[in-house]
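Written below as structure tokens is the structure these notes are about.
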Amino acid sequence: MAIIRIYAGSDGTSHFEEILPHLESRADQSESSELIPGSGIVVRRFEPTRSNPWHHAPGRAAVFTLSGAVDIEIGDGTVRRLGPGDILIAEDLTGQGHVTREVGPEPRVSIFVPLRE
């Protein structure tokens with residue numbers, strides 16, 4: 001995964017900088033990066049064998065899937081598969097919540113962008 005920054009240097013020309021997110025292990029078989037300053041963007045990588053039982057979204061967020069896939073189940077039993085290029089707006093902060101099951105064989109990498117309440 002590459003995050004590429006383009007910026008104007010003191011020499012007046014454009015430059016590239018590769019930003020390597022520092023991913024830290026979480027207790028739920030996923031890794032999360034720090035917030036990218038000023039943007040509110042969080043990068044997460046989920047192990048392909050991860051399954052997360054009923055839970056709520058921790059806050060309103062737009063979730064952009066970059067690679068891998070996930071099945072998301074809601075209260076009526078409906079399951080939707082999200083893959084690269086799909087965007088989820090997570091707003092189930094109360095109620096039953098949802099279940100997520102990663103779909104292997106590769107990890108899922110997603111960008112989470114917090115949304116205002």
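Data table
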quantity: The one condition in (1) out of contact with any Ser or Thr (no Cβ under 7 Å at 6 or more places or on another chain); (2) under 26 Å from LEU20 (Cα atoms) that VAL109 fails to fulfil; calculated: (1)
quantity: Residue under evaluation ILE111, criteria (1) outside any strand (DSSP E or B); (2) within 10 Å of the chain's Cα centre (by Cα), criterion not met; calculated: (1)
quantity: Residues satisfying the stated conditions in region 52-90, i.e. touching a residue at least 40 places away in the same chain (Cβ under 8 Å), out of contact with any Asp or Glu (no Cβ under 7 Å at 6 or more places or on another chain) and over 20 Å from PRO21 (Cβ atoms); calculated: PRO53, TRP54, HIS55
quantity: Verdict on ARG5 being out of contact with any Lys or Arg (no Cβ under 9 Å at 6 or more places or on another chain) and either exposed (fewer than 12 other Cβ atoms within 10 Å of the Cβ) or at pLDDT 80 or above (or both); calculated: yes
quantity: Test: GLU102 is over 19 Å from GLU34 (Cα atoms), in contact (Cβ under 8 Å) with a residue 40 or more places away in the chain, among the acidic types (Asp, Glu) and in a loop (DSSP other than H, G, I, E, B); calculated: no
quantity: Whichever residue in region 67-77 is over 12 Å from the mean Cα position of the chain (by Cα) and hydrophobic (A, V, I, L, M, F, W, C) and, among such residues, is surrounded by the most Cβ atoms within 10 Å (Cβ to Cβ); calculated: ILE72
quantity: Residue within region 29-41 that is open to solvent by 40 Å² or more (accessible area, probe 1.4 Å), part of a strand (DSSP E or B) and not aromatic (Phe, Trp, Tyr) present; calculated: no
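Conditions tested, residue by residue: (1) open to solvent by 20 Å² or more (accessible area, probe 1.4 Å); (2) touching a helix residue (DSSP H, G or I) at 6+ places or on another chain (Cβ under 8 Å); (3) of a type outside the set (Asp, Glu); (4) at pLDDT 95 or above.
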residue: SER25; (1), (2), (3), (4): yes, no, yes, no
residue: VAL43; (1), (2), (3), (4): no, no, yes, no
residue: HIS55; (1), (2), (3), (4): yes, no, yes, no
residue: ALA61; (1), (2), (3), (4): no, no, yes, no
residue: VAL79; (1), (2), (3), (4): yes, no, yes, no
residue: LEU82; (1), (2), (3), (4): yes, no, yes, no
residue: ILE89; (1), (2), (3), (4): yes, no, yes, no
residue: GLN96; (1), (2), (3), (4): yes, no, yes, no
residue: ARG101; (1), (2), (3), (4): yes, no, yes, yes
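The values are calculated or read from the model by the stated rules, or taken from the named source; none is laboratory data. Everything numeric here is computed off the predicted structure, so don't read it as measured data. Here the Cβ is made from the backbone with ideal geometry for all residues, glycine too, and neighbour counts use every protein chain on show. Note: areas computed on protein heavy atoms with side chains; ligands, DNA, RNA excluded. Shrake-Rupley method; radii C 1.70, N 1.55, O 1.52, S 1.80 Å.
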